[in-house]
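The values are calculated or read from the model by the stated rules, or taken from the named source; none is laboratory data. Model, not experiment: these values are computed from the prediction. Cβ coordinates were reconstructed from backbone atoms using ideal geometry, including for glycine residues, and neighbour counts include every protein chain displayed.
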Amino acid sequence: MWYAVSRDSGNPIHVLVKGRDLVLWKSKNDWIAFDDRCPHRGASLSLGKVKDDVLICPYHGWEYSSEGYAIRVPAHSMRGPARAKKYEVSYKYGLLWVNLDEGSEEIPDFREYYDNSFMKVECGPYLFNASPFKVVENFLDVSHFPFVHEGLLGTQETPEIPKYEVNEEHGKIIAKNIRIYQPDPDGSGRGGWENYTYEILSPYSAYFIKEGDGSRSFSIFMTVTPLEERRTLMWMIIAVNYPGDPKKMREFQDTLAEQDRKVVESIKEGQETFVSSDAIVVAYRKLLKRMGYI
């Protein structure tokens with residue numbers, strides 16, 4: 001499984017994924033990921049430095065090649081008898097991704113990212129003290145808009161969510177024709193009826209595109225990184241096919257994320273009741289169960 005871990009800042013850098021400490025560093029040609037632990041005496045390699053295409057441990061200066069081999073032990077002028085555990089790294093959508101070898105899934109597709117008619121705006125990451133699945137469920141849930149995001153993504157005067165369709169297409173769960181009135185759907189201050197299409201891309205990634213009554217399209221690709229059992233980072237990329245202020249869009253999304261965070265972190269486990277507006281969340285739960293996540 002691929003997990004988004006960084007937006008490429010620093011060399012080397014420490015990241016945490018599912019309770020696992022990793023170090024990312026850039027060689028001349030590629031990004032590399034190891035366990036953030038020197039096989040010699042256990043020091044954090046992320047505290048070291050990159051020089052001449054090797055990662056140097058901060059404790060005893062052992063030098064590791066891009067393949068993880070200890071190619072120099074300064075105290076003995078020799079190669080080391082150890083190798084750092086290495087992980088596959090990919091750079092996509094302005095994000096560094098690490099594969100923890102839990103399956104053969106590819107990084108989910110975000111088609112607007114490579115469409116030059118769309119402006120892209122990076123948002124987050126946002127930290128939630130909650131499970132990654134609760135964060136994804138919240139992203140998929142539209143009936144909370146009039147209450148958690150009142151005056152922005154919804155209004156309590158029009159809270160109804162008409163019945164919509166959820167189907168599996170090309171290996172993805174897709175919910176279409178979700179209609180909702182939004183006073184300020186994108187931070188521009190222009191309200192109107194929006195039509196949502198949601199796609200569940202993986203247990204950790206989802207997407208929606210919403211279109212108003214005109215030709216304006218607004219989409220978000222969202223992926224979450226489980227740091228620990230109840231600590232999750234949420235990454236977002238907005239794509240719009242109309243002019244806008246990226247700074248204001250990012251600030252608008254920051255506001256929404258903070259409103260969501262407070263509620264999502266308050267959720268307590270226990271028996272739940274579902275209604276028709278929860279159809280996309282129910283489909284997501286079934287996917288998680290089928291894949292063995294719950």
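Can you say whether Tyr181 is part of a strand (DSSP E or B), touching a helix residue (DSSP H, G or I) at 6+ places or on another chain (Cβ under 8 Å) and touching a residue at least 12 places away in the same chain (Cβ under 8 Å), as far as the supplied structure shows? It is false that Tyr181 is part of a strand (DSSP E or B), touching a helix residue (DSSP H, G or I) at 6+ places or on another chain (Cβ under 8 Å) and touching a residue at least 12 places away in the same chain (Cβ under 8 Å).
Does Tyr59 fit the bill of being touching a strand residue (DSSP E or B) at 6+ places or on another chain (Cβ under 7 Å) and surrounded by fewer than 18 Cβ atoms within 10 Å (Cβ to Cβ)? Walk me through it before giving the result.
Working: touching a strand residue (DSSP E or B) at 6+ places or on another chain (Cβ under 7 Å): no; surrounded by fewer than 18 Cβ atoms within 10 Å (Cβ to Cβ): yes.
Criteria not met by Tyr59.
Taking the range 111-140 as the range and being part of a helix (DSSP H, G or I) and among the β-branched types (Val, Ile, Thr) as the test, the residues that pass are Val135, Val136.
Filter the strands (runs of 3 or more DSSP E) completely within the range 1-54 down to those with at least 1 residues that are free of Cβ contacts under 8 Å to residues at least 60 places away in the same chain and farther than 22 Å from Glu122 by Cβ. If you could, list the steps in order and put the result at the bottom.
Working: elements: 2-6, 13-17, 20-26, 31-35, 49-51.
Those strands (runs of 3 or more DSSP E) span 20-26, 31-35, 49-51.
Residues that are under 18 Å from the mean Cα position of the chain (by Cα), aromatic (Phe, Trp, Tyr) and closer than 24 Å to Val240 by Cβ do not occur anywhere in the range 186-194. When every residue of the range 99-114 is checked against the conditions, none turns out to be modelled with pLDDT of 95 or more, of a type in the set (Lys, Arg) and closer than 30 Å to Leu16 by Cα. Tallying residues that are in a strand (DSSP E or B), over 13 Å from the mean Cα position of the chain (by Cα) and either closer than 17 Å to Ser131 by Cα or not hydroxyl-bearing (Ser, Thr, Tyr) (or both) within the range 211-230 yields 3. Apart from one condition, Pro108 fits all of (1) closer than 19 Å to Val15 by Cα; (2) assigned to a loop (DSSP other than H, G, I, E, B); the exception is (1).
Total residues in the range 159-173 satisfying the condition of being in a loop (DSSP other than H, G, I, E, B) and surrounded by fewer than 13 Cβ atoms within 10 Å (Cβ to Cβ): the figure is 5. Among the residues making up the range 2-34, those that are surrounded by fewer than 19 Cβ atoms within 10 Å (Cβ to Cβ) and within 24 Å of Tyr293 (Cβ to Cβ) are Leu16, Lys18, Gly19, Arg20, Asp21.
Could you go through the range 218-234 and let me know if any residue there is in contact with an Asp or Glu (Cβ under 6 Å, 6 or more places away or on another chain) and either outside the structural domain of Val15 (by TED's automatic domain parsing) or not aliphatic (A, V, I, L, M) (or both). Talk me through it step by step, then tell me what you get.
Initial filter on the range 218-234 (in contact with an Asp or Glu (Cβ under 6 Å, 6 or more places away or on another chain)): 218-219.
After this cut, where a residue has to be either outside the structural domain of Val15 (by TED's automatic domain parsing) or not aliphatic (A, V, I, L, M) (or both) as well, the list is 218-219.
Yes.
Which of the following residues is in contact with a His (Cβ under 8 Å, 6 or more places away or on another chain) and polar (S, T, N, Q): Ser44, Ser27? Walk me through how you get there before you give the answer.
Working: Ser27 fails: in contact with a His (Cβ under 8 Å, 6 or more places away or on another chain).
Selected residue: Ser44, the only one of Ser44, Ser27 that is in contact with a His (Cβ under 8 Å, 6 or more places away or on another chain) and polar (S, T, N, Q).
What about Ile56, is it in the same structural domain as Ser6 (by TED's automatic domain parsing) and over 25 Å from Val224 (Cβ atoms)? Spell out how you get there, then give the answer.
Working: in the same structural domain as Ser6 (by TED's automatic domain parsing): yes; over 25 Å from Val224 (Cβ atoms): yes.
It is true that Ile56 is in the same structural domain as Ser6 (by TED's automatic domain parsing) and over 25 Å from Val224 (Cβ atoms).
Checking the conditions here, which among Arg83, Arg7 is under 25 Å from Phe221 (Cα atoms) and in contact with a Gly (Cβ under 7 Å, 6 or more places away or on another chain)? Working first, answer last.
Working: Arg83 fails: under 25 Å from Phe221 (Cα atoms).
From the options Arg83, Arg7, the qualifying one is Arg7.
From the set of residues in the range 166-211 that are in contact with a Phe, Trp or Tyr (Cβ under 7 Å, 6 or more places away or on another chain) and among the small types (Gly, Ala, Ser), which is farthest from Val281 (Cα to Cα)? The extreme case among them is Gly187. Here are some conditions: (1) within 22 Å of Arg250 (Cβ to Cβ); (2) among the hydrophobic types (A, V, I, L, M, F, W, C); (3) at pLDDT 95 or above. Leu152 meets all but one. Which one does it not meet? Looking at each condition in turn, Leu152 falls short on (3).
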